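For reference, the structure is listed below as structure tokens.
The values are calculated or read from the model by the stated rules, or taken from the named source; none is laboratory data. What you see is a predicted model, and the numbers here were worked out from it, not measured in a lab. Here the Cβ is made from the backbone with ideal geometry for all residues, glycine too, and neighbour counts use every protein chain on show.
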Amino acid sequence: MTVGARAKKSFFNAETNSWESAAEHEAHAHFTSQSTEILIFPDAVMPCRSMLDANYRCAKAHCDKAHHTTSLVKFIRTLDKATSTLDVVCFTITCDDIKRAIQRAAKRGIRVRIVTDANNVDSLGSDIRELSEARKIDVRCDAHSNDPNKRGMMHHKFAIIDGETNDPVVITGSFNWTRAGVLDNHDNVLIARNQPDVAAPYIKHMEALWKEYAAFQIHGAEG
Ligand SMILES: [Zn+2]
């Protein structure tokens, strides 16, 4: 039997590494949600609010923002699908559309944890302090350290969505969560959905960083 002929009647189950019938496949339907999506930046323009807010209708006669599904729209819609947790490890956040998506997650009751670079927290345009002021969002940064072995930047750009569920999503790639990252730089993002083997090392590293930087909690406004 050729693979082509078999493929018409059977489905490959990556978890059991075997072919299965349509009925078996139906029973294991959650496996079909495994997917990998690649986003390429830069986008030509920022998205119109109507692409990110279902309740907003763009009434502008000549709106110069994108009214199609740009890479940033796909990125943000992935964040918007978080149902229980959102863990972010990134160099900095200056893109306000991404900031708002993180704030929406917290408003939905999702536990948000962010690990970021200490030197960027108060740099121009940084959204980190504003995010840290929200309930349900905890921010820690890498230590300002005199130890020459620990002077490297917190240069990751990854996130884990719903890491404690059976459907974890990992977002990773070269893309900085910044406006320049959206509109200027050549960058990529890989979104791995429902691939626990991919998620596991990211989850493990997030937990290690969270523990390591326990003493570097960022609080919002003083007092
Ligand atoms: Zn518009």
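Report yes if Pro201 is farther than 23 Å from Lys99 by Cα, under 16 Å from the mean Cα position of the chain (by Cα) and buried (at least 16 other Cβ atoms within 10 Å of the Cβ), otherwise no.
Judged against the criteria, Pro201 is not a match.
Can you tell me which residues in the stretch 179-203 are part of a strand (DSSP E or B) and in contact with a Pro (Cβ under 6 Å, 6 or more places away or on another chain)?
Scanning the stretch 179-203 gives no hits.
Go over the candidates Thr172, Thr70, Thr92 one by one and state the one that is buried (at least 16 other Cβ atoms within 10 Å of the Cβ), polar (S, T, N, Q) and in contact (Cβ under 8 Å) with a residue 60 or more places away in the chain.
Thr92
Considering only residues that are charged (D, E, K, R), more than 16 Å from Asp80 (Cα to Cα) and out of contact with any Gly (no Cβ under 8 Å at 6 or more places or on another chain), which ones fall in the stretch 92-141?
If the condition is that a residue be charged (D, E, K, R), more than 16 Å from Asp80 (Cα to Cα) and out of contact with any Gly (no Cβ under 8 Å at 6 or more places or on another chain), then Asp117, Asp122, Asp127, Arg135, Asp138, Arg140 are the ones that fit.
Only residues in the stretch 48-64 that are closer than 20 Å to Phe75 by Cβ and of a type in the set (Lys, Arg) count as the first member; pair them with residues that are part of a loop (DSSP other than H, G, I, E, B) and more than 8 Å from the ligand (Cβ to nearest atom), Cβ under 9 angstrom, at least 6 apart or cross-chain, and list the lot.
Every condition considered, the pairs that remain are Arg49/Tyr56.
What's the number of the condition Ile98 fails, among (1) among the aliphatic types (A, V, I, L, M); (2) surrounded by 15 or more Cβ atoms within 10 Å (Cβ to Cβ); (3) closer than 19 Å to Asn185 by Cβ; (4) within 16 Å of the ligand (Cβ to nearest atom)?
Of everything listed in (1) among the aliphatic types (A, V, I, L, M); (2) surrounded by 15 or more Cβ atoms within 10 Å (Cβ to Cβ); (3) closer than 19 Å to Asn185 by Cβ; (4) within 16 Å of the ligand (Cβ to nearest atom), Ile98 misses just condition (4).
Within the stretch 1-82, which strands (runs of 3 or more DSSP E) (wholly inside it) include 3 or more residues that are modelled with pLDDT under 75 and farther than 30 Å from Asn176 by Cβ?
11-13
Can you name every residue in the stretch 149-178 that is in contact with a Gly (Cβ under 7 Å, 6 or more places away or on another chain) and either assigned to a loop (DSSP other than H, G, I, E, B) or modelled with pLDDT under 95 (or both)?
Once the filter is applied, which keeps residues that are in contact with a Gly (Cβ under 7 Å, 6 or more places away or on another chain) and either assigned to a loop (DSSP other than H, G, I, E, B) or modelled with pLDDT under 95 (or both), the stretch 149-178 yields only Phe175.
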